[in-house]
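Contents: one structure, followed by commentary.
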Amino acid sequence: MNKPSWTLSRRAERMNPSVLREILKVTERPGIISFAGGLPSPRTFPVSAFAEACADVLRNDASAALQYAASEGHAPLREWVAQQLPWNVDPSQVLITTGSQQGLDLVAKVLIDSGSRVLVETPTYLGALQAFSPMEPVFNGVAGDAEGVDPDDLRRQAPGARFVYLLPNFQNPTGRTMSEARRAAVAQAALDTGLPIVEDNPYGDLWFDAPPPAPLTARNPEGSIYLGSFSKVLAPGLRLGFLVAPKAIYPKLLQAKQAADLHTPGFNQRLVSRVLEGGFLERHVPTIRALYQAQCRHMLAALERDMAGMDVRWNAPVGGMFLWLRLPEGMDATALLPHAVERGVAFVPGAPFYTDLPDARTLRLSFVTASTEQIDRGIAALAQTVREHLPSPVAA
């Protein structure tokens, strides 16, 4: 009997395991303090609200909730999304997705051909690279700084690019936020060059002291696709997100959605729609912000205390879940990771977040799931690991 001869598609050959997921396997070892995962704190999950909503949906709407449903999504939930956004959005432009990660996948299928140029930040979200890569694009990193992408470099690279993918708010992995002035310049550059924007905003509600500036999409709705998520403000296990698209492109995104999974689970959509009634997020999200801000401040204080005298640099995010750290000259975060794990702490090396010329000295720390006591012990362990592996001074 002949063995089956499986021939992989070229697209499948380009699929790679998530570097982050592989790292997270290491952190599952008992006793590891993990600053690696981009996981919301379970302390923020509104369990009682979900329990009440679940009982209500099953009691009053079970036949519809457990049946096949419209691919576009649950109408009341689409209306809620449209009403929350700070520009004029018709609910018919809202597509409910199975997590915002599916939104990235749909964008890739509809907008990318083999060899298409796609512009991304330097560095950028690893999950987007993973979603886009099977469509065989050519990634071009756009230069940037602490305020976001450089509008002049964006103008230079825009001709012929399919779109630019941006996370203006509390970016993953760096935690940086694009300033108002930079947003205006970037939006104008995209408008002048006809470059579409794919704006990803999973963290925008997680600001600490002040909300971020208006989305890029609000400045050019016809030239942008906007992605959002309920994972960071409710619970990621529901796998519920959304995209807002211009009417010219929406039908193709919908068709890609229909081919992928027919529709996002109707029960989950109704559950979230019930929870959102009566302004729930206005009461709930401030508790998340307060927790994350306290956690962030604690980690910053620990870094200040334990990394002193080693030429380690980091930023101070004004929201979100991450901060970005840069090791001293001559160090490599990927090489450092197993030594850190031996000391009981884990992080994500920064190199996988770059499309080219990675900065090997960078790493991402998440401050939201560890307790303050774990932050103290974990940062102390990380600092000791760095200290033990500092490059030897070059003799004069």
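The values are calculated or read from the model by the stated rules, or taken from the named source; none is laboratory data. Source: prediction; values computed, not measured. Reconstructed Cβ throughout: ideal geometry from the backbone, glycine too, with neighbour counts over all protein chains shown. Areas reflect the complete protein model, heavy atoms only, side chains present, ligands, DNA and RNA absent. Shrake-Rupley method; radii C 1.70, N 1.55, O 1.52, S 1.80 Å.
Computed values, structure above
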quantity	calculated
Which numbered condition Met15 misses (of (1) open to solvent by less than 50 Å² (accessible area, probe 1.4 Å); (2) within 30 Å of Gly223 (Cα to Cα); (3) within 25 Å of the chain's Cα centre (by Cα))	(1)
Residue that is most open to solvent (accessible area, probe 1.4 Å), among those in segment 159-182 that are on the phi < 0 side of the Ramachandran plot and in contact with a Lys or Arg (Cβ under 7 Å, 6 or more places away or on another chain)	Arg162
Pick from segment 349-393, criterion part of a helix (DSSP H, G or I) and among the small types (Gly, Ala, Ser), ranking: farthest from Glu329 (Cα to Cα)	Gly378
Residue within segment 66-74 that is assigned to a helix (DSSP H, G or I) and open to solvent by less than 50 Å² (accessible area, probe 1.4 Å) present	no
Close pairs from segment 316-336: first in contact (Cβ under 8 Å) with a residue 60 or more places away in the chain and assigned to a strand (DSSP E or B), partner among the aromatic types (Phe, Trp, Tyr) and surrounded by 19 or more Cβ atoms within 10 Å (Cβ to Cβ), Cβ under 6 Å, at least 6 apart	Gly319/Phe170; Gly319/Trp207
Enumeration of residues in segment 43-61 that are farther than 12 Å from Asn268 by Cα and either part of a helix (DSSP H, G or I) or open to solvent by 40 Å² or more (accessible area, probe 1.4 Å) (or both)	Arg43, Thr44, Phe45, Val47, Ser48, Ala49, Ala51, Glu52, Ala55, Asp56, Arg59, Asn60
First in segment 103-116 and within 16 Å of Ala259 (Cα to Cα), second anywhere and aromatic (Phe, Trp, Tyr) and open to solvent by 10 Å² or more (accessible area, probe 1.4 Å), Cβ under 8 Å, 6 or more apart	Gly103/Phe242
Pairs where the first residue, in segment 174-200, is closer than 23 Å to Pro159 by Cβ and the second is aromatic (Phe, Trp, Tyr) and crowded, with 20+ Cβ neighbours inside 10 Å, C-beta under 6 Å, 6+ apart	Pro196/Phe163; Val198/Phe163; Val198/Tyr165; Glu199/Tyr226
Candidate set from segment 275-304 (those that are part of a helix (DSSP H, G or I) and among the charged types (D, E, K, R)); member that is farthest from Phe50 (Cα to Cα)	Glu304
Residue count for segment 205-228, restricted to those that are open to solvent by less than 20 Å² (accessible area, probe 1.4 Å) and either touching a residue at least 60 places away in the same chain (Cβ under 8 Å) or among the basic types (Lys, Arg) (or both)	7
